[in-house]
Amino acid sequence: MKDAFGRNINYLRISVTDLCNLRCKYCMPEKGICKVEHREVLSLEEIYEAAKIFVSLGVNKIRLTGGEPLTRKGIVNLVERLGKLDGIKDLAMTTNGILLKKYAKDLKSAGLNRVNISLDTLDEKKYSQITRGGRLGDVLEGIEAAKSVGLTPIKINVVLIGGFNVDEIEAFVNLTKTEAIDVRFIELMPVGEASKWAEENFISNEVILDEVSTLEKVERLDPSSPAVYYKLPGAKGRVGIINPISCKFCEYCNRVRLTSQGKLKLCLHSNEEIDLKDKLRQGEDIEKIIMAAIKQKPESHHLEDGQYITDSMYQIGG
């Protein structure tokens, strides 16, 4: 599928739930979220049917997100069905890792290729603080489980937060010395209810190269990837820097999102959505609707102008 600016849209991120077993300060309300009625959420069968249509139109990469996707009952079965779609080249998942030790083997057997794991600190007390009660040990055990079954290459996503984890940049970078993993630093984004908090704690990713001057830039093999990669001399893994605020990468954007409530989002940082859920249930021509929607994908976001979206990440899909 080509959008109006000639970009090939071949990447679909599907949020399977807006529920999560953590309460990260930049993502979830402290008291949790109000559960929506069951009928407002796409069933696993509807997710599969929608994904099948996207794949028929040229999508060859799918990532399952949340909330926390591993809290969705039946997730392994969904992975298995998606993995069998003709045309899928990459089936991945973004998870907080808390339940990964339990599910890693089954996910790999079902056809999941790899995982991205959200981890903002290597300090147990700070982890409990930022997640409002999570256990760092659960995540570390999940990472080991993913490595042992071959859910690789593993990418660890670190949201850089001023006054919280800047002092851990070097420790995260050093993880790539002996492990074939990517550690990716992501700028804190002003999304949803966390917009004010994000603005107050934002720090540019430029600080990473200041903190670790031995990082060397490596060739960018995939222009659609939001990360610019670096390596320590002789390291097995890479360090990625993702700058949605200070350095836009919209020119190469190849993705769209489907929320757990069946809304098609053409741009993460836009409030515009197309309701596919009701159209799916009414038997409308979803293929035609998707093709028309792709032509409306905006050329770029406007975060630099203070145009923030109202939905939070758990509602959109991380």
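The values are calculated or read from the model by the stated rules, or taken from the named source; none is laboratory data. Keep in mind that what you see is a predicted model, and the values were worked out from it rather than measured. Positions of Cβ are generated from backbone atoms using ideal geometry, with glycine treated the same way; all protein chains shown enter the neighbour counts.
Can you tell which of Tyr11, Tyr26 is surrounded by 22 or more Cβ atoms within 10 Å (Cβ to Cβ), more than 19 Å from Arg281 (Cβ to Cβ) and aromatic (Phe, Trp, Tyr)?
Answer to the selection: Tyr26.
Can you find, within the stretch 15-40, the residue that is modelled with the highest pLDDT among those that are hydrophobic (A, V, I, L, M, F, W, C) and either touching a helix residue (DSSP H, G or I) at 6+ places or on another chain (Cβ under 6 Å) or closer than 14 Å to Thr71 by Cβ (or both)?
Ranking the candidates gives Val16 first.
Which pairs turn up if I take residues in the stretch 159-175 that are surrounded by fewer than 20 Cβ atoms within 10 Å (Cβ to Cβ) and look for partners that are in a helix (DSSP H, G or I) with beta carbon separation below 7 Å, at least 6 apart in sequence or on another chain?
What qualifies is Gly162/Asn201; Gly163/Asn201; Val166/Val207; Glu170/Glu211.
Just to be sure I understand, how many residues within the stretch 200-233 are within 18 Å of Pro153 (Cα to Cα), loosely packed, with under 14 Cβ neighbours inside 10 Å and touching a residue at least 12 places away in the same chain (Cβ under 8 Å)?
Residues meeting the conditions: 1.
Tell me the residue from Glu68, Glu49, Glu80 that is surrounded by fewer than 19 Cβ atoms within 10 Å (Cβ to Cβ) and under 16 Å from Gln261 (Cα atoms), please.
Working: Glu68 fails: surrounded by fewer than 19 Cβ atoms within 10 Å (Cβ to Cβ); Glu80 fails: under 16 Å from Gln261 (Cα atoms).
Answer to the selection: Glu49.
Working carefully through the options Ala110, Ala104, Ala146, find the one that is surrounded by 21 or more Cβ atoms within 10 Å (Cβ to Cβ) and more than 27 Å from Ile241 (Cβ to Cβ).
None of the others qualify; the one that does is Ala104.
Could you list, ordered by first residue, the pairs with Cβ atoms under 8 Å in which the first is in the stretch 61-89 and touching a residue at least 24 places away in the same chain (Cβ under 8 Å) and within 10 Å of Thr17 (Cβ to Cβ) and the second is of a type in the set (Phe, Trp, Tyr) and assigned to a helix (DSSP H, G or I), at least 6 apart or interchain?
Final answer for the pair search is Gly66/Tyr314; Gly67/Tyr314; Leu70/Tyr103; Ile75/Tyr103.
Which members of the stretch 168-193 meet the condition of being at pLDDT 95 or above and either of a type in the set (Phe, Trp, Tyr) or in contact with a helix residue (DSSP H, G or I) (Cβ under 9 Å, 6 or more places away or on another chain) (or both)?
The answer is Glu168, Ile169, Glu170, Phe172, Val173, Ile181, Asp182, Val183, Phe185.
Go through (1) modelled with pLDDT of 95 or more; (2) within 22 Å of Cys27 (Cβ to Cβ); (3) over 21 Å from the mean Cα position of the chain (by Cα) and name the single condition Ser109 misses.
That leaves (2) as the condition not met.
In the stretch 129-139, which residue that is of a type outside the set (Ser, Thr, Tyr) and surrounded by 17 or more Cβ atoms within 10 Å (Cβ to Cβ) is farthest from Lys108 (Cα to Cα)?
Within the stretch 129-139, the match that is farthest from Lys108 (Cα to Cα) is Ile130.
Among the residues of the stretch 69-85, are any within 24 Å of Leu160 (Cβ to Cβ) and at pLDDT 95 or above?
Looking for residues that are within 24 Å of Leu160 (Cβ to Cβ) and at pLDDT 95 or above, one finds at least one in the stretch 69-85, hence yes.
Restricting to the stretch 73-107, name every residue that is in a helix (DSSP H, G or I), in contact with a Leu (Cβ under 9 Å, 6 or more places away or on another chain) and closer than 24 Å to Val158 by Cβ.
Listed by number, the residues that qualify are Leu100, Lys102, Tyr103, Ala104, Leu107.
Could you give every pair whose Cβ atoms fall below 8 Å, whose first residue belongs to the stretch 132-151 and is touching a residue at least 40 places away in the same chain (Cβ under 8 Å), and whose second residue is of a type in the set (Ser, Thr, Tyr), counting only separations of at least 6 or pairs across chains?
Within 8 Å, the pairs are Gly134/Tyr127; Gly134/Ser128; Val139/Tyr127; Gly142/Thr95; Ala146/Thr152.
Can you name every one of the helices (runs of 4 or more DSSP H) wholly within the stretch 215-318 that holds 2 or more residues which are modelled with pLDDT under 95?
On the way: elements: 277-281, 286-294, 313-316.
Output list reads 313-316.
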